[in-house]
């Protein structure tokens, strides 16, 4: 009869199931478990950082709108200040001229 050569792989369902062997050291299992826990902790921390950044980015459009309004107000105030300076300089020139006229007559 033809026999199938034994290649070390069994088709028996009992031997194909996954099982834990005593040949695996406890330290290695512990290390792998700690690595898994560290990975879950890192992922949770990364999730919270992303959430904080998303919250920060959500407020950017409102801040940009506020900055735009403030720029308009600053431009308006700069224009008003220039007008006040011009008017004050004109009054100062008139006052100097009046004082000069008074000094000529005395």
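No value in this document is a laboratory result; all are computed from the given coordinates. Note that the structure is a prediction, hence the values are computed from the model and not measured. Glycine also receives a Cβ, built like all others from the backbone with ideal geometry; neighbour counts cover every protein chain displayed.
Taking label positions 7 Å along the Cα-Cβ direction at both residue 89 and residue 102, the computed distance is 2.5 nm, reported to one decimal.
Once you reduce the range 78-99 and the range 36-56 to the center of their Cα atoms, the two points are 62 Å from each other. Can you bin the range 31-105 into rounded, prolate or oblate? Criterion: square roots of the alpha carbon gyration tensor eigenvalues sorted a ≥ b ≥ c, rounded for a/c under 1.5, prolate for a/b above b/c, oblate for the rest. Prolate is the answer for the range 31-105, as a/c is 1.5 or above and a/b outweighs b/c.
Using only the Cα atoms, work out Rg/Rh for the range 62-102, with Rh taken as the Kirkwood radius, to two decimals. Answer for the range 62-102: 1.43.
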